[in-house]
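Only one structure is covered here, and it is reproduced in the block below.
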Amino acid sequence: MSLEGKAALVTGAGQGIGRACALALAEAGARVAVVDLKQEAADATLALLPEPSRHLALIANVADSAAVKEAFAKTATAFGRLDILVNNAGTGTGPNDGSAKMYELMAQKNAEIARGETPKTHVEQAIYMEDEGWRAVMAVNLDGAFYCTREALRIMAAHDIRGSIINIASTAVQSGEGPLHYVTSKAALVGMTRALAREVASRGIRINAVAPGPTDTPLMRSIPDEWISSLEKAIPLGRLAKPSEVAAAVRFLASDEASYVTGSVLVANGGSYFF
Ligand SMILES: NC(=O)c1ccc[n+]([C@@H]2O[C@H](COP(=O)([O-])OP(=O)(O)OC[C@H]3O[C@@H](n4cnc5c(N)ncnc54)[C@H](O)[C@@H]3O)[C@@H](O)[C@H]2O)c1
């Protein structure tokens, strides 16, 4: 699965799955642009890559189309090409999105169950969610993936590159488990993957998604412990994924080994749901 001679850009690569993807692609020989909201986080990932001077660390908010444009222009200038994009940047929360209320209700319901009562509490988010909370998650997970994909396609089309774009979706698309805006955004990302796979196939550009199950990253550590242990119990392999295990799926789809795979969702979820 050599990626020698190829150039890649990974969003949200300052930690977690994005960092593992940057590492996997760089170890396979690609030059990698590590993009994150935070420059220190991008720099920290860059320092972990083999021969850091071959790669780039860039700051950009994927929800800001002007910032995205600039990051891709810098990447194209530095590497002279772009073969691989990993749309990994994502978030599960936004301001006033009702999540604090939902966690409070969840704790209330768990306490009712622990007392041996029939639970009366409704654990819900939609009725407590303000517009800005909904928008904040859509802006990163969906708009951001579109802005980055559009720039990548512009570069690939201009240089006649048969590139590969990988969108990080989630098992939540299938299960429906997770915050409302998050699950909705990831389902839309799968729709975008399929529609674009058809649209750009004639150029030889492939678009796929990877759907990780719960993965041991800083994002996952921000949710309540009892939620994590109940997730683990529902996974046939009995544990969370390691970021490197998700990155291995991404590296495969990025490589020529996956030359006949497009419009697919590759699931790395320990067997918890079958797509
Ligand atoms: N961890 C899991 O269990 C899990 C499961 C399924 C899918 N995913 C998806 O995998 C991706 C990575 O998840 P993770 O657990 O590594 O997350 P994380 O929160 O640990 O890391 C995300 C990184 O993205 C960066 N980022 C956030 N918003 C950004 C923005 N607007 N622009 C640029 N960078 C931004 C953050 O600074 C951070 O470095 C996300 O899309 C997430 O939805 C994660």
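The values are calculated or read from the model by the stated rules, or taken from the named source; none is laboratory data. Remember, predicted model here, so these are calculated numbers, not experimental data. Here the Cβ positions follow ideal geometry from the backbone for every residue, glycine too, while neighbour counts run over all protein chains shown.
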> Under the condition of being under 18 Å from K74 (Cα atoms) and touching a helix residue (DSSP H, G or I) at 6+ places or on another chain (Cβ under 6 Å), which residue from the stretch 1-10 is farthest from the ligand (Cβ to nearest atom)?
Replying inline: A7
> Just to be sure, is A57 of a type in the set (G, A, S) and in contact with a Leu (Cβ under 9 Å, 6 or more places away or on another chain)?
Replying inline: yes
>> If a residue must be on the phi < 0 side of the Ramachandran plot and outside any helix (DSSP H, G or I), how many such residues does the stretch 16-45 contain?
In response: 10
> Across the stretch 145-176, which residue is farthest from F274 (Cα to Cα) among those that are over 17 Å from the mean Cα position of the chain (by Cα) and among the β-branched types (V, I, T)?
Replying inline: I155
> Given the residues A157, A114, which is the only one that is at pLDDT 95 or above and within 23 Å of N87 (Cβ to Cβ)?
Replying inline: A157
>> Can you name every one of the helices (runs of 4 or more DSSP H) wholly within the stretch 58-142 that holds 2 or more residues which are in contact (Cβ under 8 Å) with a residue 24 or more places away in the chain, more than 14 Å from the ligand (Cβ to nearest atom) and closer than 19 Å to G18 by Cβ?
In response: 65-79
>> Every residue in the stretch 1-15 that is within 13 Å of I166 (Cβ to Cβ) and either modelled with pLDDT under 95 or not in a loop (DSSP other than H, G, I, E, B) (or both), please.
In response: A8, L9, V10, T11
> In this structure, does G176 turn out to be farther than 17 Å from T262 by Cα and either of a type in the set (D, E) or without any contact (Cβ under 8 Å) to a residue 12 or more places away in the chain (or both)?
Replying inline: yes
> Within the stretch 17-48, restricting attention to residues that are of a type in the set (G, A, S), near the ligand (Cβ under 10 Å from one of its atoms) and buried (at least 22 other Cβ atoms within 10 Å of the Cβ), which residue is farthest from N87 (Cα to Cα)?
Replying inline: A42
> When you scan the stretch 174-275 for helices (runs of 4 or more DSSP H) that lie fully inside it, which ones turn up with 3 or more residues that are surrounded by fewer than 16 Cβ atoms within 10 Å (Cβ to Cβ) and more than 11 Å from the ligand (Cβ to nearest atom)?
Replying inline: 180-200, 225-233
